[in-house]
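Derivation of every value follows stated rules applied to the coordinates shown; laboratory data play no part. Note that the coordinates shown come from a computational prediction; the quantities given were computed from them, not determined experimentally. No Cβ is skipped: glycine too gets one built from the backbone with ideal geometry, and neighbour counts run over all protein chains shown.
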Amino acid sequence: MNKYLLPYTIFPIGDNAVTIEFGNTINDSINKEVINRFHQIQGDPIPGVIDVFPSYSSITLYYDLLKVKKNGINSATAFETIKKILEARMLMPVIEHLTEPRLVKIPVCYETEFAPDLHQFLIIKNITKEELIEIHTATIYKVFMIGFLPGFAYMGEVNEKIVMPRKSKPKMVAAGSVGIAGKQTGIYPLISPGGWQIIGRTPLKIFDPGQKEEILLRTGDHIQFYSISKIEYADY
Amino acid sequence: MRIIKEGILDSIQDVGRFGYQYLGINPTGAMDKYAMKITNILVGNLPTEAVIEMHFPAGVFMFTQPALIAIGGANFSPSINGDFIPHLHPVMVNKNDVLQFHKPVNGSRAYIAVAGGFFLADWMNSKSTNLKAKSGGFSGRKLLKNDILKLYPLKKYPDHHHSFTVLPWKADTNWNHQIEKTEIPVLDIIPGNEWERLTEESKKNITTSSIEISQQSDRMGYRLNNIPLATSTGEEIISTGVSFGTIQLLPDGKMIILMADHQTTGGYPRIAHIISAHHSALAQAKAGDKIRFRISDIETAEELYIKQQQHLLQLQNACTFRLQEYYKRFAK
């Protein structure tokens, strides 16, 4: 048994996409493996694969069925061909990223006008706004995955004092809104219906189409929030 | 071409934007890619070229230069300058010709392809409009009145003075030839990773009942009005990849089928996936229509898809030949 090998399953999600899953769990070391494997596949593309993206504990690949079939053994389905290639890839050791993850500092204004759920949040968690800011800005979060919306980073984990489930009914959320859902924290890159508890807003553009860096955050990045005033927000 | 009157949701779409889901950029693209490809092939384009996708009521368009066009997908009863034109034929139009659509005869998404394609910049290697991200396509949004879509000039066009000419060949196929000719379309599904979570009764329910597509259906997904399904475990799913045609089970037991504008990831159980060869029929279904599901497998799904693509290749060869002949004889 290869010492690098985590248990995994490979299953189709349709007839032109597969997922390789390392367990249905949020776990830092599994997520690290996922990110490394994702970079490995991205750096050494599999013929016929047109899209590859990681999530918490899995990697999904979209492929062109005809191209994969052409490269595979005649009788094998495209799915079987991709599965075999992935199994072979999993036997290869992953190359750990030697560089430290990038630390991105993100300004957040926690004033009520930017935080529609803050009032209720503080009552339920029985903390003051100052305590919430201190707790939310103290942790360095990791981007576990990007999904849901362009550039939406799922970050974790938040201090248990500010863990709070999603709202039962989604509401419209402004671009830049910073929210909490369970142990996760995240930023809405654009206006969207959403169920996360909104506790503040950043003036940074998380998704900026047409600009050089259209998507600010990447899977694996480290993030730290810092508090800014209303005036600083307006001047940003 | 100029938009004289806007449609309810006309947008530029192609096969979709792939390779950027790691940034959360969802693929979007045409809802009915098969119909989109046929429409492109009729005018001699690459099957993957960008087209206008329309819903009913569709827009009214005026051509500002001669163009070779085709209308495919849903039949919305198209006319040029008030004269009805057939669906799925190449049509040579002239400057100032006006194209409009009168009533939805069948299907729910129609396509306009223009020879040479639209003169638009790519965003992340695609011309598809990502409506939510307000990017790609034409200004990242649906087409509005007075928008002008630039076309590439036709290299050759007939030397005639009357307005438009319907070319005498057609695609002998459309989206609805893919599925069994039953009153209610039967769509093949392959069981998803969470299929086994369903109770035996719910599994049976899926394949034995006719299921209505609810009014809450759009380019993102179709919500179904099914008898609520039950699962034997309530274990949560961590957000993970999904695809076009994925059927997710919502907490209330109803199903949702993910369509072209689906998000990159989802956290609901993936109980099944509709096979690609049947996406076309699915994309042409309307809110209020009924559908049925039949269990299939990956082998059959791949075979049907390959067959469908071979069919497109044959059509492409035939159309290329006819167009070359046409240009030789009638066009300068």
query = Per 5 Å bin from zero, what fraction in whole % of the C-alpha pairs of the stretch A:1-156 is there, up to the bin with the longest pair?
reply = 1, 8, 14, 16, 15, 12, 9, 7, 7, 5, 3, 1, 0, 0
inquiry  = As I understand it, the dipole of the protein assembly as shown uses +1 on the Cβ of Lys and Arg and -1 on the Cβ of Asp and Glu, about the Cα centre. Which of B:Asn81, A:Thr137, B:Ala113 lies farthest toward its positive end?
reply    = B:Asn81
message = If neighbour count is taken as other Cβ atoms inside 10 Å, put A:Phe53, A:Phe114 in order from fewest to most.
response = A:Phe114, A:Phe53
message = What does the structure give for A:140-151 when I average, per residue, the other chain Cβ atoms found within 10 Å of the residue Cβ?
response = 5
key: Distance (nanometres) between label positions extended 7 Å along Cα→Cβ at B:Lys145 and A:Ile73   = 6.4 nm
Exercise: per-residue mean of other protein chain Cβ atoms within 10 Å, B:9-22 = 4
message = Over the Cα atoms of the stretch A:112-218, each weighted equally, I'd like the Debye log10 I(q)/I(0) at q = 0.09, 0.19, 0.23 Å⁻¹, rounded to two decimals.
response = -0.21, -0.94, -1.36
request  = Would you work out which of A:Ile228, A:Leu149, B:Leu187 lies farthest towards the positive end of the dipole of the protein assembly as shown, given +1 charges on the beta-carbon of Lys and Arg and -1 on that of Asp and Glu, about the Cα centre?
outcome  = B:Leu187
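Take peptide B:264-270, look around each residue's Cβ out to 10 angstrom, count Cβ atoms belonging to other protein chains, and average those counts. Write out the running numbers ahead of the final one.
On the way: counts 11, 12, 3, 4, 0, 0, 4.
So the per-residue partner count for this stretch is 5.
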note = Calc'd 3J(HN,Hα), the stretch B:239-250, phi into Karplus 6.51 cos²θ - 1.76 cosθ + 1.60 (θ = phi - 60°), Hz, glycine/Pro = x, comes to 3, 8, x, 10, 8, 4, x, 5, 9, 9, 9, 7
ask   = In nanometres, what is the gap between the two model label sites at B:Thr320 and B:Thr231, each 7 Å from Cα along Cα-to-Cβ?
value = 4.7 nm
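Run the dipole for the stretch A:9-91 about the Cα centre, Lys and Arg Cβ at +1, Asp and Glu Cβ at -1, nothing else charged, and hand back the magnitude in debye, nearest 20.
Taking the Cα centre of the stretch A:9-91 as origin, the dipole is about 240 debye.
May I ask you to sort B:Phe76, B:Phe63, B:Phe330 by Cβ crowding, counting other Cβ atoms within 10 Å and putting the fewest first?
On the way: B:Phe76 25, B:Phe63 21, B:Phe330 15.
The most exposed by this proxy come first: B:Phe330, B:Phe63, B:Phe76.
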key: B:Arg329 paired with A:Thr112, simple spin-label distance in nm, labels 7 Å along Cα-to-beta-carbon   = 7.9 nm
inquiry  = Could you derive backbone 3J(HN,Hα) for the stretch B:24-37 from the dihedral phi with the Karplus parameters 6.51, -1.76 and 1.60 (θ = phi - 60°), listing whole Hz in sequence and x where the residue is Gly or Pro?
reply    = x, 7, 7, x, 6, x, 5, 5, 10, 5, 5, 5, 4, 5
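To the nearest 20 debye, what is the magnitude of the charge dipole of the protein assembly as shown about its Cα centre, counting +1 on the Cβ of each Lys and Arg and -1 on the Cβ of each Asp and Glu?
1380 debye
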inquiry  = Taking only Cα atoms of chain B, what ratio of Rg to Rh do you get with Rh as the Kirkwood inverse-distance radius?
reply    = 1.00
inquiry  = Taking the 0 to 90 degree range and rounding to the nearest ten, how far is the long axis of helix B:298-330 tilted relative to the main principal axis of chain B, both from C-alpha atoms?
reply    = 0 degrees
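For A:Met92, A:Met164, what's the fewest-to-most ordering of other Cβ within 10 Å of each Cβ?
Values: A:Met92 12, A:Met164 20.
Listed from fewest to most nearby Cβ atoms, that is A:Met92, A:Met164.
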Mean Cβ count within 10 Å, highest first, over the residues of peptides B:135-144, B:92-101 = B:135-144, B:92-101
remark   = Given unit charges at Cβ for Lys, Arg (+) and Asp, Glu (-), the dipole magnitude of the stretch A:103-235 about its Cα centre in debye, nearest 20, is 420 debye
key: Gain on full stretching of the segment that runs from A:Leu5 to A:Gln42 - 0.36 nm per residue minus C-alpha separation   = 11.4 nm
